[in-house]
1. Using beta carbons and a limit of 8 Å, which pairs, at least six apart or on different chains, have the first residue in the range 303-326 and without any contact (Cβ under 8 Å) to a residue 60 or more places away in the chain and at positive phi and the second one surrounded by 15 or more Cβ atoms within 10 Å (Cβ to Cβ) and not in a loop (DSSP other than H, G, I, E, B)?
2. Can you tell me which residues in the range 59-70 are part of a loop (DSSP other than H, G, I, E, B) and either surrounded by 14 or more Cβ atoms within 10 Å (Cβ to Cβ) or modelled with pLDDT of 80 or more (or both)?
3. Identify all residues within the range 318-329 that are closer than 13 Å to G286 by Cα and among the charged types (D, E, K, R); write none if there are none.
4. Being of a type outside the set (A, V, I, L, M) and not in a helix (DSSP H, G or I) is the requirement here; does D144 meet it?
5. Given the condition modelled with pLDDT of 85 or more, assigned to a loop (DSSP other than H, G, I, E, B) and out of contact with any helix residue (DSSP H, G or I) (no Cβ under 8 Å at 6 or more places or on another chain), answer yes or no: does some residue in the range 29-36 qualify?
6. Can you name the residue in the range 113-160 that is of a type in the set (G, A, S) and surrounded by 11 or more Cβ atoms within 10 Å (Cβ to Cβ) and is also nearest to the chain's Cα centre (by Cα) among such residues?
7. In the range 294-333, what residues are in contact with a Leu (Cβ under 6 Å, 6 or more places away or on another chain) and within 23 Å of K220 (Cα to Cα)?
8. In the set D191, D205, which member is loosely packed, with under 14 Cβ neighbours inside 10 Å and either touching a residue at least 24 places away in the same chain (Cβ under 8 Å) or closer than 30 Å to S81 by Cα (or both)?
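The values are calculated or read from the model by the stated rules, or taken from the named source; none is laboratory data. Computed from a predicted structure; not experimentally measured. Quick reminder, even Gly has a Cβ in these numbers, built from the backbone with ideal geometry, and neighbours come from all protein chains shown.
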Amino acid sequence: MVRLLGTGPLCRAAAAAAMVLTLPVAPAAQPPVKSAFRLHGTVEPIRSQLVTVPRLMGTGFGPLIIIHLAKPGTLVKAGESLVEFDRAAQIKTAHDREAEYRDFIAQISKRRADQIVARGRDETELVEAENAVKTAELDLLDKDLVAPIVAEKNTLILEEARAKLAQLRKTFDLKRRTEAADVRILEIQRDRALNAWKHSEGNADKMRIASPLAGLVVLKTIWKQGSFGEVQEGEEVRPGMPILEVVDPSAMRVRARVNQADVTRVRVGQPVHVTLDSFPSRQFTGRVEQLSPIGSPSGLSNKVRTFIAVFSIDGSDPHVLPDLAAAVDVDVK
């Protein structure tokens, strides 16, 4: 209650103001606040191609020497040279295998020519043996007209001629089989030399690697000489070692891990905002594209699970590069 001390106009106005101040005031309506939580991940390309040191066919190949390497950050076209290795050893090996191949061809030609001569000689000997049998058979027809000792001698000559003919016919077939086997062995060696030649030429062709797609060159960091670093021209590299990666800069995404406590707040299609740690003033929009249905155990405890989430990035920007750290703010309604 407000007690009036006077009846003047000023007193009545003050009393009215005091009564207004004692009335309850309703709070102003506030706009709904969207909540979000932050995840941390790494930028990766959607389309990319890893380039590794080629694995050569055959044995006796050591490290390869890089004589040309595309500069990091270079935009290349499909088919453009990325890396080239010293191919002198592969070319020499190819020439050696070619020489072996042609040598086997010459050996096969000579062996076949010798076999033709030997076959002609054996056929002549076989005809002579057949004629000897016929002659002995004719001499045996007049056994009644000659002395018994002469007839017995002619019989022995006929038997000997027939035995020699049978032996020549048998050895003739065996010689032909042996000759065919000898040629076949040389042909197998020739084919092996041909395969080795082609493999060596293929190894020489592998010394130049062209870009399989148009994109950005990103050198890979490897362990060398006790520290991490990028490969350089003139260095020796081992087969299978990753050298660089060609990425399509027009389409990037972020891969992050979601704790099991927050996985229920993430669903495919949710809008997100992506901020790069290297460029905090730039923000990109996107959405949740994938969420793994099965969690993987944490490195700290098997009871704690994390889930892999993949977030798309709308549009393209030259600042969005692979392997950059990114923060993802997931909007939760």
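1. Taking only residues 6 or more apart or on different chains, the pairs are G315/F284.
2. Residues satisfying the conditions are F61, P63, A70.
3. D329
4. Yes: the conditions hold for D144.
5. no
6. A118
7. The answer is L324, A326.
8. Just a single option satisfies the conditions, and that option is D205.
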